[in-house]
Ligand code: PMP
């Protein structure tokens, strides 16, 4: 048994070895180790991450929004192990395997449906969220081209949206921090107003914001009639854009406008799919069905990278021809990896056996009650919630029109304070949010609320 001092020394050793060889994602490496502590993790247990130094951290961000049922969940781990002893990987061009077929069947059975619209009928696999977005964009463009509508070359995306980091996905994203440097490399997308209800004008309701944004979309589609192949959006919550939420009526309007203009609708549910916003898919909350649906992150319960793009039969049929050029030749080596598909099947089975959506409703109600005590803090301008996502907006004096100076790095201060308190919050700028694994229990929720409150007070103490 190691003593505390030995464990702390072991963690320090790992930090040194790490910084000698690793280049971390989404990080100014100069900030390690001085500004940002690097946290070596030994193992995961439910909603906990356990550090090499023995400290426990509540994973309130579900490890970049991937984890659904807790770390090292035994049923998913077991399914992966069994699959690994049977078939770990096989080329999916020209070959098939049971987990890929069964997962596609299951996804199509639970996909959002809209009365009177032909259902999503085919599944194309990729191996991470950004790759899934690339697939959907290429499919939309190529489908129109195959139909002889080669002038439809443009994508409409929403202000403040995010769809990943690869060049195509970045082109339809609108977060300056990630996009600006690479702007010269990016295809020019058309951006429609965000329906974000936090940006409401005085006297406006969330429904008014939705209506105003839909009008902007209508004008844009009219101005570029015949040029647009698809609208891509994150239904209900623009996650990386600061957990900005919108009224579901916007999605209804967007669906109708796409239909009116012959434009495909791509729903990016990579972050909000699989029960995050209350329903299995966020589109369901608005009663709409997209033409292309992008899924990843929680698809495997957070165990392995995998993406699925669901398409209608009409889109699939548009690629059937004698010519190879009219086929969708996109491929990734690990497309439909059997281990990842087995993890996804095990994860989806848990939704049924554990009645997860009902449990989430109860957990979300507890999160709402706990968040109510935080909204009273002087620097909290807004608390908003969509199911298992709660976000807190920190501003000067709680005035939503008076953000903190970015240089004050209030979010970073809150991150460090929360980490000290044993909770992983990873603010987006000055937006703090809770997006915990669904297995989070009452005691953990109370810890989360207390540490969040203390972290906000500490971060804003000298503001
Ligand atoms: N779309 C959305 C809505 C996302 O939130 C993300 C990841 N944060 C992506 C796409 C990209 O997924 P990945 O990180 O797996 O490439």
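The values are calculated or read from the model by the stated rules, or taken from the named source; none is laboratory data. Here the structure is a predicted model, which means the values were calculated and not measured. Don't worry about glycine lacking a Cβ; one is built from the backbone with ideal geometry, like all the others, and counts go over all protein chains shown.
Points to keep in mind about this one:
- Considering each residue of the range 43-53 in turn, none proves to be surrounded by 15 or more Cβ atoms within 10 Å (Cβ to Cβ), over 24 Å from the mean Cα position of the chain (by Cα) and touching a residue at least 60 places away in the same chain (Cβ under 8 Å).
- Residue within the range 107-130 that is within 16 Å of the ligand (Cβ to nearest atom), part of a helix (DSSP H, G or I) and either in contact (Cβ under 8 Å) with a residue 24 or more places away in the chain or closer than 19 Å to residue 268 by Cα (or both) present: yes
- Filter result (more than 16 Å from residue 230 (Cα to Cα) and buried (at least 19 other Cβ atoms within 10 Å of the Cβ)) within the range 108-148: 111, 112, 120, 123, 124, 125, 126, 127, 128, 129, 130, 131
- Candidates 92, 87, 103, 68, filtered to the one that is within 28 Å of residue 391 (Cβ to Cβ) and touching a helix residue (DSSP H, G or I) at 6+ places or on another chain (Cβ under 7 Å): 68
- Note on the range 266-280: among residues that are at negative phi and more than 13 Å from the ligand (Cβ to nearest atom), the one that is surrounded by the most Cβ atoms within 10 Å (Cβ to Cβ) is 280.
- Among the residues of the range 55-62, at least one is outside the structural domain of residue 277 (by TED's automatic domain parsing) and in a helix (DSSP H, G or I).
- Candidates 56, 17, filtered to the one that is touching a residue at least 24 places away in the same chain (Cβ under 8 Å) and over 30 Å from residue 332 (Cβ atoms): 56
- If only residues of the range 15-43 that are in contact with a strand residue (DSSP E or B) (Cβ under 9 Å, 6 or more places away or on another chain) and not in a strand (DSSP E or B) are counted, the one that is farthest from residue 77 (Cα to Cα) is 39.
- From the options 369, 344, residue that is part of a helix (DSSP H, G or I) and under 26 Å from residue 114 (Cα atoms): 344
A quick yes/no check of all residues on (1) in contact with a helix residue (DSSP H, G or I) (Cβ under 8 Å, 6 or more places away or on another chain); (2) modelled with pLDDT of 95 or more:
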| site | (1), (2) |
| --- | --- |
| 376 | no, no |
| 379 | yes, yes |
| 389 | no, yes |
| 423 | yes, yes |
| 445 | yes, yes |
| 453 | no, yes |
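- Any hit, the range 245-253, residues being in contact (Cβ under 8 Å) with a residue 40 or more places away in the chain, assigned to a strand (DSSP E or B) and more than 20 Å from residue 169 (Cβ to Cβ): yes
- Of the residues 68, 87, the single one that is in a loop (DSSP other than H, G, I, E, B), touching a residue at least 24 places away in the same chain (Cβ under 8 Å), closer than 21 Å to residue 302 by Cα and within 16 Å of the ligand (Cβ to nearest atom) is 68.
Let's see how each residue does on (1) under 19 Å from the mean Cα position of the chain (by Cα); (2) in the same structural domain as residue 26 (by TED's automatic domain parsing); (3) farther than 30 Å from residue 86 by Cα:
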position: 347; (1), (2), (3): yes, no, no
position: 350; (1), (2), (3): no, no, no
position: 379; (1), (2), (3): no, no, yes
position: 386; (1), (2), (3): yes, no, yes
position: 429; (1), (2), (3): yes, no, yes
position: 433; (1), (2), (3): yes, no, yes
position: 441; (1), (2), (3): no, no, yes
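- Residues satisfying the stated conditions in the range 205-242, i.e. touching a strand residue (DSSP E or B) at 6+ places or on another chain (Cβ under 6 Å) and either assigned to a helix (DSSP H, G or I) or under 14 Å from residue 270 (Cα atoms) (or both): 216, 217, 220, 232, 233, 234, 235, 236, 237, 238
- Looking across the range 334-353, just one residue is surrounded by fewer than 16 Cβ atoms within 10 Å (Cβ to Cβ) and in contact (Cβ under 8 Å) with a residue 24 or more places away in the chain, and that is 349.
- Of all residues in the range 218-237, those satisfying the criterion of being crowded, with 22+ Cβ neighbours inside 10 Å and more than 21 Å from residue 170 (Cβ to Cβ) are 221, 236.
- Test for residue 359: is it closer than 26 Å to residue 434 by Cα, surrounded by fewer than 20 Cβ atoms within 10 Å (Cβ to Cβ) and out of contact with any strand residue (DSSP E or B) (no Cβ under 6 Å at 6 or more places or on another chain): yes
- Among residues of the range 140-175, those that are within 16 Å of the ligand (Cβ to nearest atom) and either assigned to a helix (DSSP H, G or I) or not assigned by TED's automatic domain parsing to the domain that holds residue 214 (or both), counted: 6
- Of all residues making up the range 149-159, the number that are surrounded by fewer than 21 Cβ atoms within 10 Å (Cβ to Cβ) and at pLDDT 95 or above: 5
- Subset of the range 296-314 (residues that are in a strand (DSSP E or B) and either more than 10 Å from the ligand (Cβ to nearest atom) or surrounded by fewer than 24 Cβ atoms within 10 Å (Cβ to Cβ) (or both)): 308, 309, 310, 311, 312
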